[in-house]
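*Asks:* Take this structure, written in structure tokens, and hold onto it; I'll ask about it next.
The values are calculated or read from the model by the stated rules, or taken from the named source; none is laboratory data. Computed from a prediction, not measured in an experiment: that's the story for all the values here. Cβ placement follows ideal geometry from the backbone for every residue including glycine, while neighbour counts extend to all protein chains displayed. Please note that ligands, DNA and RNA were not included when accessible areas were found on the heavy atoms of the full protein model with its side chains. Shrake-Rupley method; radii C 1.70, N 1.55, O 1.52, S 1.80 Å.
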Amino acid sequence: MHYVSTRNPDLRLSAAQAIVQGLSRDGGLFLPEEIPQIPLEEIKALSKLPYPERAVKIMKRYLDEFTEEELLGFAEKAYGASKFDDPKAAPVKDLGDGRYIMELWHGPTCAFKDMALQMLPYLLTASLKKTGEDKTVCILVATSGDTGKAALEGFRDVEHTKILVFYPDGGVSDIQKLQMVSQEGQNVGVCAVRGNFDDAQSGVKRIFSDPILREDLADKGYFLSSANSINWGRVLPQIVYYISAYCDLLESGKIALGDKIDFCVPTGNFGNILAGYYAKHMGLPVGTLVCASNANNVLTDFLSTGTYDRNRPFYQTASPSMDILISSNLERLLALMEGAGESVANYMNELAARGKYTVRPETAQKIAAEFACGFCDDEGTKQTIAKLFSEKGYLLDTHTAVAWNVAESYRAKVEAQNPLVVVSTASPFKFCQSVLEALGETKLASGTDIIAQLAEKTGKTAPAPLAGLAGKAVRFTDVTGKDEMESKVTEFLRA
Ligand SMILES: *Cc1c(COP(=O)(O)O)cnc(C)c1O
């Protein structure tokens, strides 16, 4: 199977090449030329297997150059007991009335980014070998919080890799910051940037597109790569848990083989829900994919009108990992709808030039047939957390609460209701302050004490990686100007 650029179908690469490159040289994203199929009988067979084996059988269909044995080795390490505190890796909880929650935050950093970033280092280092690249790969990440920590944890002490994370100084939660600056490992670096997330992101993009620096690094034996969801190696492992959720419902007798289920996904960069779209088009019986946004509802507008318009106020919300106005993975959906090539390139050029584009009416109709959408502001998010906790004793984080709220509105509107799985993307203990406020707490403890406060208030146990933060030594205190990031990279690689 080959991979093509969303902007040019003649640019064809192998899976390993696409993973190594991350972003296509023409600015496009890579996507598989066709979507491999998985028959119902095989989904039934998968339901008897543990998560790592499900992952192998599904991912193998996209990765010709990898053997099943090789992939199983990766999956068992990525999703094993030393990394995930639940043997199912992505357990599905029954909340009654055909409503389920799939918890994707049992990994080492307590957010769903682990599902892909525990796997990506294995895929990337193996891909480097397969493509004959013998340099050390240097991963640069700009993060608004969750990706940075998950990438650090995924790549720590992985041979032939180094990873440097930039985060906006003062722009991440205290817990997110402490998670990053206390990161262990010999090959990791963390640096704050004076500026906001966009400054950090633009700085990283500038470094990537600097040919002189690239050459200089190549001379020193380094190769730059990305751990962002623009890399296909991030999207692929996410397809697995949609199919896995179906397997679990089947195995527990909640659905029969062939029954359709819906998913509701808290969405930012459109990577997670895109993986759900792939699962559906591989043959998984999925009815509707519900795209949930917070007050930054650019996707709600796009999915319901066909016009994408980022010219609007940017809100800092209680669900910060969804505070995004440019959803990069939407480009892959457009290529799936209209075919890779010029028309996608034109939309993206319009977006870059005017911050706005409108897709063809047929495309808008096709999209509306596949996706439902909705959004929920901070007030609704907090009410949802309080309501589900008091009614069911289930504690949501702010991102999942957005999705739960949107899912409930969606179900109230449709007549024939499929079972619906809400995709839960973070542990509530990652967003203690907002969750405690939602539960009516007005006096908040400071620093890491807030974790114990939430545990006490709710009777829930904090995940070990977060509970253990209190005693952690701070290793990284560097702060840099947004124009000096490049010299931080050189300095980091010299050390
Ligand atoms: C990254 C993230 C999201 C958004 O996921 P996308 O794939 O970017 O749409 C939602 N919730 C949490 C907690 C996240 O970390």
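*Asks:* What's the carbon and sulfur percent of the range 294-392's accessible surface, probe 1.4 angstrom, rounded to a whole number?
*Replies:* C and S fraction of accessible area: 48 percent.
*Asks:* How do 242, 315 rank by accessible surface area computed with a 1.4 Å probe, from largest to smallest?
*Replies:* 315, 242
*Asks:* Here's a follow-up. Using only the Cα atoms of the range 1-151, what semi-axes does the equivalent ellipsoid have when each is the square root of 5 times a gyration tensor eigenvalue? Give whole Å, largest first.
*Replies:* For the range 1-151, the ellipsoid semi-axes come out as 28, 20, 16 Å.
*Asks:* Another question, then. Read phi for every residue in the range 37-42 and hand back ³J(HN,Hα) as whole Hz from Karplus 6.51 cos²θ - 1.76 cosθ + 1.60, θ = phi - 60°, with x for Gly and Pro.
*Replies:* 9, 10, x, 4, 4, 6
*Asks:* What are the extents of the Cα atoms of the range 257-414 along their three principal axes, in Å, largest first?
*Replies:* 52, 44, 23
*Asks:* From the phi of every residue in the range 359-372, what ³J(HN,Hα) in whole Hz does the Karplus formula 6.51 cos²θ - 1.76 cosθ + 1.60 yield, where θ is phi - 60° and glycine or proline is x?
*Replies:* For the range 359-372, the Karplus curve yields 7, 4, x, 4, 5, 4, 5, 4, 5, 5, 6, 9, 10, 9 Hz.
*Asks:* How far apart, in nm, are the 7 Å Cα→Cβ label points at residue 360 and residue 174?
*Replies:* Using points 7 Å along Cα→Cβ, the separation is 5.4 nm.
*Asks:* What are the ³J(HN,Hα) values, in whole Hz, obtained from phi via the Karplus relation 6.51 cos²θ - 1.76 cosθ + 1.60 with θ = phi - 60°, for each residue of the range 300-315 in sequence order, with x given for Gly and Pro?
*Replies:* Karplus-based 3J(HN,Hα) across the range 300-315 equals 4, 5, 5, 5, 8, 10, x, 10, 9, 9, 8, 7, 6, x, 9, 9 Hz.
*Asks:* Hey, any idea what Rg/Rh is for the range 82-151, computing Rh the Kirkwood way over Cα pairs?
*Replies:* In the range 82-151, Rg relative to Rh is 1.12.
*Asks:* Right, something else. How long are the three semi-axes of the equivalent ellipsoid of the range 179-255, in whole Å, if each is the root of 5 times an eigenvalue of the C-alpha gyration tensor, listed from largest down?
*Replies:* 37, 17, 14
*Asks:* Also, I was wondering about something else. Using modelled amide H (1.01 Å from N, peptide plane; none on Pro or chain starts), what sits under 5 Å from the amide H of residue 193, excluding residues fewer than 5 places away?
*Replies:* Those lying under 5 Å, H to H, from residue 193 are 167, 169, 480.
*Asks:* So if I take the alpha carbon set of the chain, get Rg, then get Rh from the Kirkwood formula, what is the Rg over Rh ratio?
*Replies:* My calculation of the ratio gives 0.93.
*Asks:* Write down the accessible area per residue of the range 269-382 in Å², having rolled a 1.4 Å probe over the full set of protein chains.
*Replies:* It amounts to 36 Å² per residue over the range 269-382.
*Asks:* Taking amide H positions as placed 1.01 Å from N in the peptide plane, with prolines and chain starts having none, which residues 5 or more places from residue 225, or on another chain, fall under 5 Å of its amide H?
*Replies:* Result for residue 225 returns 138, 139, 140.
*Asks:* Add -39500 (n - 2.57) for each DSSP H run of 4 or more in the chain, then divide by its residues: what number comes out at 222 nm, to the nearest 500 deg cm²/dmol?
*Replies:* So the calculated ellipticity at 222 nm is -13500 deg cm²/dmol.
*Asks:* For an R0 of 25 angstrom, estimate the FRET efficiency from the Cβ-Cβ distance between residue 41 and residue 254 and round to the nearest 0.05.
*Replies:* The pair residue 41/residue 254 has a calculated efficiency of 0.85.
*Asks:* Going from the alpha-carbon gyration tensor of the range 206-308, what semi-axes, largest first and in whole Å, does one get by taking the root of 5 times each eigenvalue?
*Replies:* The answer is 36, 20, 9 Å, longest axis first.
*Asks:* So which cysteines in the chain don't have a second cysteine's C-beta under 4.7 Å from them?
*Replies:* 110, 138, 191, 247, 264, 376, 432 - these cysteines have no disulfide-compatible partner (Cβ-Cβ under 4.7 Å) in the chain.
*Asks:* Moving to a separate point now. Would you rank 281, 160 by solvent-accessible area, highest first, keeping every protein chain in place and using a 1.4 Å probe?
*Replies:* My answer, sorted largest first, is 160, 281.
*Asks:* Same structure, new question: For the range 1-158, report the accessible area per residue in Å² (1.4 Å probe, heavy atoms, rounded to an integer).
*Replies:* 36
*Asks:* Nearest 5 percent is fine: what portion of the DSSP beta bridges confined to the chain is antiparallel?
*Replies:* The antiparallel proportion sits near 25 percent.
*Asks:* Then there's this: Points 7 angstrom from Cα along the Cβ direction at residue 416 and residue 220: gap in nanometres?
*Replies:* Those two pseudo-labels are separated by 6.1 nm.
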